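Worksheet for the structure shown next.
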Amino acid sequence: MTDLTRRKALVTGAVSGTIAALRLTTARAANTPQPALPIPSEVRTNAQREISFSARVGTANFLPGRNTRTYGYDAPFLGPALRLRRGEKVTIDFTNHLSEPTTVHWHGLIIPGYLDGGPHQAVAPGAQWRPTLPIDQPAATLWFHPHFYPTTTSQVIKGLAGLIIIDDEETDRLGLPSRWGINDIPLIIQDRRFQRDGQFFDRMNLTTITNGYVGDVALVNGARHPVARTARGWLRLRLLDGSNARSYLLKASDDRSLFVIGSDGGLLESPVEMKQITMHAGERFEIMVDCRTGAPFDLVAMPTGEPIMRLPPFDAPLPLVTIHPDGAETSGTLPAALAKLPPLPATLPPISQELVMNMFRDKEGMAPLMQAGLGMGTASGMAMGNASPMPASHAGGMSMTAGAGMSMGGKISPAVVARVVKLIEDQPALPMAQQLSAMGINGKSFSETAAGFTAQRGQDLRWRISEGDDAMPHPVHVHGCQFRIVSESGQKPEAYRAGWKDITPISNGGYSEILLNFPHSADVKAPYMAHCHILEHEDSGMMTGFTVG
Ligand code: C2O
Ligand code: CU
Ligand code: CU
């Protein structure tokens, strides 16, 4: 168990009785107590306006009786929640205690390129980095993680990721639940796969770079199906999809409403009531749930995505975390109005930049999966639109009615599962040169020395982001700004994705248009990055640097 939490002591007694009462139950033996949800510790600036932390190796117990070697920020796995206020300047004192170079990227923070912690700001083993970050953006749930090229994937797998919580006065006045770990609960959702020796599976072969990491264990704040004993009343859940690649379709086990109050870069204008929400790698959503009755529920991941992402246990509704709101009653209601967002301009600026995500080897990457029987018709399994349906005999273990649609279930036969798992685990790693050239943006794989393009500083800009001839989901992230999605393949985004965003998901051959504005600059020595947040894609070249001036 990680020791991220200071609140483990809150958990008293077994909760198996309650779990059994839920409609969705777990595979866990009924008499095994669930671990307590670890709560990342809040870290604020000291009197010198500094925060110091380091990256270090550790061990954690994810599997009974086996130790896993991990990385963490001042913790065996994951790290603290840096609590910052709009208007302050914070100096970070970061030390790299790993034996490999790393960087610390402040995902979602609007700061100049040289402070951004991208691939160009390497921190050598044993070295320190002391950036002073000016915090000037609305209250939001952001995060930080390594961005060294091309080892971001493996450093995040081992555990490097932490939260950044920005507070501001307007949000203070709303009276949202704000007691950390009591009615304001961070939930970092990730998936992992383990080798027989208990170590994290971590290999960049054609299958894993094409599809991204395919875990078979879900972790929330580093724990397997933990339980959060929380206050009774309205709860605020700060969700981060901290997975390398996996998207989640999340719902409450008892179908209670999820009121989305915030997206990547801050609060929405008003709460959006949803029964289920989709999250992609790197995205954050803040939701409120009505827990006034004290009845427990599970946050559940529904089967979704491409067939390979529906391997067990993600082939059925999977409980991720139990929320047990049986603590002291807290007051507070859901505000009707949240934040003021600037209205979108009546006339959008002309498109100044196109970004096309390229997978140069996706057909080759998908072929063995199709041969294994994981057939869904197209290269990446999602483009059902113009793909001719496969004859049933080629459909392998997949029921054709499963389609590639969201949450349609569809079990994959055990024989197909076994063949696909073998491909994931046993295919040899690609030679590095092949990995780095497997993907790209606008036809080119990532280059550390050449920025792909330049953007105007302080201007409203419209970018169009699309994919090449694959149809895979790509959650595309842009550094140096928070943007608004103005079009998803010609449609307005759903209300819960219409606020501040730093990731725009595209899939099925679709595109998205975003409205952005860079207040700071980034030069060629420390450019901003635009990339797919599937880390295996990012580390295979689906990233470009760009300058702002
Ligand atoms: Cu969350 Cu460029 O990264
Ligand atoms: Cu980022
Ligand atoms: Cu991608």
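The values are calculated or read from the model by the stated rules, or taken from the named source; none is laboratory data. Source: prediction; values computed, not measured. Positions of Cβ are generated from backbone atoms using ideal geometry, with glycine treated the same way; all protein chains shown enter the neighbour counts. Surface areas here come from the heavy atoms of the whole protein model, side chains and all, with no ligands, DNA or RNA. Shrake-Rupley method; radii C 1.70, N 1.55, O 1.52, S 1.80 Å.
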Value at 222 nm in deg cm²/dmol, rounded to 500, when DSSP H runs of n ≥ 4 in the chain each add -39,500 (n - 2.57): -2500 deg cm²/dmol
Size descriptor, Kirkwood hydrodynamic radius, that averages inverse alpha-carbon separations across the chain, Å: 23.5 Å
What is the diffusion coefficient of region 465-549 in µm²/s, taking the Kirkwood radius over Cα pairs and the Stokes-Einstein relation at 25 °C with a viscosity of 0.890 mPa s? 182 µm²/s
Test of the criteria: in region 69-147, which chymotrypsin sites (Phe, Trp or Tyr not before Pro) are in a DSSP loop and have at most 13 other Cβ atoms within 10 angstrom of their Cβ? none
Going from most exposed to least, what order do Leu63, Leu369 have by accessible area with a 1.4 Å probe? Leu63, Leu369
Arg246: accessible area at probe 1.4 Å, nearest 10 Å²? 10 Å²
Sorted by accessible area (1.4 Å probe), largest first, how do Glu88, Glu538 line up? Glu88, Glu538
In region 404-505, the GluC sites (Glu not before Pro) that sit in a DSSP loop and have at most 16 other Cβ atoms within 10 Å of their own Cβ are Glu448, Glu494
In the full protein assembly as shown, how much of Asp197 is accessible to a 1.4 Å probe, in Å² to the nearest 10? 90 Å²
Two decimals, Cα atoms only, Kirkwood Rh: what is Rg/Rh over region 192-232? 1.16
Which whole-number value in Å² is the accessible area per residue of the chain, probe 1.4 Å? 36 Å²
Peptides 520-531, 44-55 ordered by average Cβ neighbours within 10 Å, highest first: 520-531, 44-55
Using unit Cβ charges (K, R positive; D, E negative) and no other charged atoms, how large, in debye to the nearest 20, is the dipole of region 67-157 about its Cα centre? 160 debye
At most 12 other Cβ atoms within 10 Å and a DSSP loop assignment: could you name the trypsin sites (Lys or Arg not before Pro) in region 163-215 that fit? Arg196
If you put +1 on each Lys and Arg Cβ and -1 on each Asp and Glu Cβ, how big is the dipole of region 271-337 around its Cα centre, in Debye rounded to 20? 80 debye
